[in-house]
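Notes follow once the structure below has been shown.
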Protein chains: 2
Amino acid sequence: MRKVAVIGVGLTKFGELWDVSFRRMMLEAGGRAIEDAGIDGGRIDAMYVGNMSAGQFIRQEHIASLIADHAGLIPVPCTRVEAACASGGLAFRQAVIAVASGIHDIVVAAGIEKMTDVLAEQATEALATAADQEWEAYVGATFPGVYALMARRHMYEFGTTEEQLARVAVKNHHNACFNPCAQYQTEITVEDVLNSSPVCSPLRLLDCSPITDGAACAILAPADLARKITDTQILVAGVGQASDTISLHDRQTLTGLPATTKAAEIAYKMAEVGVRDIDLAEVHDCFTISEIMAIEDLGFCKKGEGGKLTEQGETAIGGSIPVNTSGGLKGKGHPVGATGVAQVVEVVQQLRGEAGKRQVDGAEIGLTHNVGGSGGTVVVHVLRRGG
Amino acid sequence: MRKVAVIGVGLTKFGELWDVSFRRMMLEAGGRAIEDAGIDGGRIDAMYVGNMSAGQFIRQEHIASLIADHAGLIPVPCTRVEAACASGGLAFRQAVIAVASGIHDIVVAAGIEKMTDVLAEQATEALATAADQEWEAYVGATFPGVYALMARRHMYEFGTTEEQLARVAVKNHHNACFNPCAQYQTEITVEDVLNSSPVCSPLRLLDCSPITDGAACAILAPADLARKITDTQILVAGVGQASDTISLHDRQTLTGLPATTKAAEIAYKMAEVGVRDIDLAEVHDCFTISEIMAIEDLGFCKKGEGGKLTEQGETAIGGSIPVNTSGGLKGKGHPVGATGVAQVVEVVQQLRGEAGKRQVDGAEIGLTHNVGGSGGTVVVHVLRRGG
């Protein structure tokens, strides 16, 4: 397999973009990535796009064709991939495999979701189609409910506190203040979180990531070619993907996602790195408990100690393992199909030293962690600053 | 890139399967493919599944995780790909790239659609989300309408007749009589077609493929490994994919699909074959006009002569280029996400000499042609009987 590098990245503003259409969002993110790469768009050989449910959100399937059309990419092969909220991470992985195989050279990995064209309750209903319809969604277990079960069990087994959960949200909102693309560039306090409305106990409104419109884009090339195009090469060192039961009741554990552990194991091995080599991570904090479980499952601390690690400030910028420097899903926003690619955008900017006030000093190796549903699909990537 | 071979194939019965669930259909097709390959299911390294719109048809996204779960494939990476009715063809292409790249060895390419759990008008509405929402679907241009425009123009430019269109349906119903998995194992006559209800003039009910439940599965392996597993190797010689405008009004032509020509050009070149080397083809006859345009765009005859070629019987079994020996989408049925993989299943059975009463004598090289929407995505594969 050929070595693969990221040569350009781009993001739209994340938020409730009522005045921006689906197709325009994709062109914005794509245009920025092409400009960032400094290449002519005519050099693009293929595109993969992650999207969870344009069929339900904007009544449009076949979006890869729509994007190829509106981006002027015809007749380039364009393919949509979907795994709920892990759709973006999967699109990136497919793009990496396509370049690695040699079938294509310059390949776009994109992600997009337009979620605010429907009412909030319709969005919740659409998102619930990522859970097992017959065992979870039909009986009313939407995602806040499913993650609340995990949070409750985590608190019971390890003494994790609501305050520790709140600290995840506080940190990620703080980081988002330094990210011009973030949905919420506002500080919040632990009290704000603890006093916000209950959604599904113990999770409150400020424990939950928002409903967001947004698109993200990364452009990949074989490392040999990338060296000629960019000064700062960012290599894709490892890609890991794993599946698990789609519904929670069949799992051995409620306090972690086994698919995270498995996907990380694959990615670490392929990248030839250990967990201590990781300088920063963008993890899937769809709820505050998700970040706590993620940092444990990825190996940044022992199982059960994620709350404490957060409380000690170790996951803040300046801590031993900065997590969600972009603001994460909580602060930056969570346009579900775009999230996995947006995570890559953040890590690339960090490894290039272009993250401004949220820069992690001397970052050389970064990780992304993208979850579909309640952990039925997990994708982990390791990126490394090249020579 | 490594050479790739198909080592096993399986299909469910196609039809209105009101008593069979989505998850059971996938297990049936997968189980048959594993049995056909004669391997242990534990050897599977990854899965790609084509599905257009389980989100709209059965309110379930994240189906790759659902299938991984119910098929006992956990923690194997499973990925859904979508390009409307070309979803199956794309899933097969992704599986080929994954094996070719070396990242995985034994990879499943599957396709599935469960369309009859909603009312027929809801199915039509769901299918219309494969067209451009803003330029086509919102103004009422569903797919019969879009293809009727193409048919009318083809008749105007080349003198193609309604009887020639009807002959496509008659042939494909005839072939389907010899396919135990086909939805319609019944002969029809030209008169039956011409006397059937108009759907969108000049297309009548019997010019249209039906709404179908079904699943299809193919198992791929590197050619070196395949040689140890199977006696009759079927090599994937060429894979081609191309995109075009999602809506019809932006095209240079209404009488063919430029993406078919482009995808075929890529596949022929990769396979190092010419059109005359093709012994049989499964093409995307979602409407009778589609088959006529396909055989022209693929190069089996000159543009405008598809009607005549059909009338002369050259596309029948025993003709110079048998087309849709399986019964095609018209006779076998068209579970949209499964169709591209089902085409591969037919070609593999033909190249192995296992197609029974519909066998094409001495078939060595076969082609599949799978279309998304009105031609916004086209995938063409060339398969070859190995030594």
Among residues of region A:114-132 being touching a strand residue (DSSP E or B) at 6+ places or on another chain (Cβ under 9 Å) and buried (at least 20 other Cβ atoms within 10 Å of the Cβ), the residue farthest from the other protein chains (Cβ to nearest Cβ) is A:M115
Conditions (1) touching a residue at least 60 places away in the same chain (Cβ under 8 Å); (2) buried (at least 21 other Cβ atoms within 10 Å of the Cβ); (3) within 23 Å of the chain's Cα centre (by Cα); (4) in the same structural domain as A:V371 (by TED's automatic domain parsing) -> A:V170 fails only (1)
Of the residues in region B:197-218, those that are assigned to a loop (DSSP other than H, G, I, E, B) and either polar (S, T, N, Q) or more than 21 Å from the chain's Cα centre (by Cα) (or both) number 5
Confirm whether B:V49 is in the same structural domain as B:C217 (by TED's automatic domain parsing) and under 21 Å from A:A91 (Cα atoms).
-> yes
So is B:V341 touching a strand residue (DSSP E or B) at 6+ places or on another chain (Cβ under 7 Å) and either farther than 21 Å from B:G299 by Cα or aromatic (F, W, Y) (or both) or not? yes
Out of curiosity, is B:A130 at positive phi and in contact with a His (Cβ under 7 Å, 6 or more places away or on another chain)? no
Picked from region A:63-72 (must be facing another protein chain (nearest Cβ under 7 Å) and in contact (Cβ under 8 Å) with a residue 12 or more places away in the chain), the residue farthest from A:D224 (Cα to Cα) is A:L66
Reported set for region B:295-308 where residues are surrounded by fewer than 22 Cβ atoms within 10 Å (Cβ to Cβ) and either in contact (Cβ under 8 Å) with a residue 60 or more places away in the chain or within 16 Å of B:E163 (Cβ to Cβ) (or both) is B:K303, B:G304, B:E305, B:K308
Q: Could you tell me whether B:V146 is within 30 Å of B:G306 (Cα to Cα), among the β-branched types (V, I, T) and either out of contact with any Cys (no Cβ under 9 Å at 6 or more places or on another chain) or more than 9 Å from every other protein chain (Cβ to nearest Cβ) (or both)?
A: yes
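Every residue, every condition in (1) under 25 Å from A:L367 (Cα atoms); (2) crowded, with 24+ Cβ neighbours inside 10 Å, yes or no:
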position: A:A68; (1), (2): no, yes
position: A:S87; (1), (2): yes, yes
position: A:D105; (1), (2): yes, no
position: A:A109; (1), (2): yes, yes
position: A:I112; (1), (2): yes, yes
Checked region B:259-293 for anything in contact with an Asp or Glu (Cβ under 7 Å, 6 or more places away or on another chain) and within 15 Å of B:R167 (Cβ to Cβ); matches are B:V283, B:D285, B:F287, B:T288, B:E291
Every listed condition ((1) more than 28 Å from A:Y184 (Cα to Cα); (2) surrounded by fewer than 24 Cβ atoms within 10 Å (Cβ to Cβ)) holds for A:R93 save (2)
Okay, helices (runs of 4 or more DSSP H) sitting entirely in region A:232-337 with 3 or more residues that are within 14 Å of another protein chain (Cβ to nearest Cβ), I get A:258-271
Contact list, first residue from region A:80-91 and closer than 17 Å to A:V347 by Cβ and more than 9 Å from every other protein chain (Cβ to nearest Cβ), second anywhere and part of a strand (DSSP E or B) and of a type in the set (F, W, Y), beta-carbon distance below 8 Å, six or more apart or interchain, is A:A91/A:Y48
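The values are calculated or read from the model by the stated rules, or taken from the named source; none is laboratory data. No experiment lies behind these values; they were computed from the predicted model shown. Please note: Cβ atoms are built from the backbone with ideal geometry, for glycine as well, and neighbour counts cover all protein chains shown.
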